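To start, the structure under review is shown below, and the notes come after it.
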Amino acid sequence: MVLANQIAIVTGAARGIGQAISMLLAEQGATVIAADMNAEGLTAAVGEAKAKGLAGKIVPKLLNVTDGAAIDAFIDEVMKEFGKIDILVNNAGITRDGLLMNMEDEQFDLVIDVNLRSVFRLTRAVSRYMVRARYGRIVNMASVSGMMGNPGQANYAASKAGVIGFTKTVAKELGKRGITANAVAPGFIDTPMTQVLPDKLKDGIKQFVPLQRFGTPADVAAAVAFLSSPASGYITGQVLPVDGGLNM
């Protein structure tokens, strides 16, 4: 298995894209520390892993990614338990949509805190150990909204554009230590976040997607798994859209 003996951290792992990423990395041999605030979702993910014969390959950990002290304690705990961190997938993210003129400071700040500041804090903490090991794969979750903008998502688009700039900088700083940093930019993916959209709106969106459908969490997970693997060793600082051609 391509990720045998690898230790991976995936944030936002309790549902949707994060759960799909965790499952695929586990199927490819990694031991996945699945971090989230949703205890029920983590329990379900562990149960699914057991049903697939992957008992022990997904290790659930409660984590509030907006808490800097909790992040440092979490990384220390993972290092004490497993001795290394090979892969970091910064997937945790939220939306708090609203038109710019009506957007409250709290809406903007919370999205930046979850989607961008946590990426900085987790990457900073993990990079110290990856530098010593002279190996690492960092994959950050961006979005086509961060590449193109999107009405009603000034906060979300800003956070994801920030993730892209951050990823490129990390790639330049850490490349000489054998560490790659890349971003995956999903388009419209069939998750609980998009399932609440009216059917008429979803049909309208699909008209702008050359593949004429929403993506699946598995589509995104496959891209993350590739960028987490040894096969991507000469790829760094890149943004891989998984959007059906929307941003083309």
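On full extension, the segment bounded by LEU99 and THR216 gains 39.4 nm, given 0.36 nm per residue less the C-alpha separation. Counted by Cβ distance under 13 Å from ILE7, the other residues give a net charge of +2, where Lys and Arg count +1 and Asp and Glu count -1. In this structure the stretch 93-156 gives 51 Å² per residue of accessible area when probed at 1.4 Å with all protein chains present.
Of the peptides 125-135, 184-194, 74-84, 12-22, the ranking by mean beta-carbon count within 10 Å, highest at the top, reads 12-22, 184-194, 125-135, 74-84.
The stretch 68-89 and the stretch 99-118 have Cα centres spaced 27 Å apart.
The portion of the accessible surface of the chain made up by carbon and sulfur, rounded to a whole percent, is 56 (1.4 Å probe; DNA, RNA and ligands excluded).
Between LEU197 and GLU106, the contour length at 0.36 nm per residue exceeds the alpha carbon distance by 30.4 nm. Residues with beta-carbon under 11 Å from that of VAL144, excluding VAL144: net charge, scoring Lys, Arg +1 and Asp, Glu -1? Every neighbour counted, the sum reads 0.
Largest first, the three principal axis extents of the alpha carbons in the stretch 20-80 are 35, 23, 16 Å in whole numbers. Amide H contacts of ASP243: GLY187, each under 5 Å away and 5 or more positions distant or on a separate chain (H built 1.01 Å from N in the peptide plane; Pro and chain starts excluded). Summing charges over neighbours of ALA161, with a neighbour being any other residue whose Cβ is under 15 Å away from its Cβ, gives +3 when K and R count +1 and D and E count -1. FRET efficiency for MET148 and MET37, Cβ-Cβ distance as r, R0 = 25 Å, nearest 0.05? For R0 = 25 Å, the calculated efficiency reads 0.25. Using r as the Cβ-Cβ distance of ILE235 and PHE82, and R0 as 22 Å, what FRET efficiency do you calculate, to the nearest 0.05? About 0.30, to the nearest 0.05. In a reduced charge model with +1 at each Lys and Arg Cβ and -1 at each Asp and Glu Cβ, the stretch 152-208 shows a dipole moment near 320 debye about its Cα centre. Taking packing as the residue-averaged number of other Cβ atoms within 10 angstrom, the listed peptides 220-229, 108-117 run from highest to lowest as 220-229, 108-117.
Measuring nothing but how far apart in sequence close Cα pairs (under 8 Å, 6+ apart) lie, relative to its length, the stretch 1-125 scores a relative contact order of 26 percent.
The values are calculated or read from the model by the stated rules, or taken from the named source; none is laboratory data. Computed from a predicted structure; not experimentally measured. For neighbour counting, all protein chains shown are included, and Cβ atoms are generated from backbone atoms with ideal geometry for every residue, glycine included. Calculation scope for accessible area: heavy atoms of the full protein, side chains included, ligands and nucleic acids excluded. Shrake-Rupley method; radii C 1.70, N 1.55, O 1.52, S 1.80 Å.
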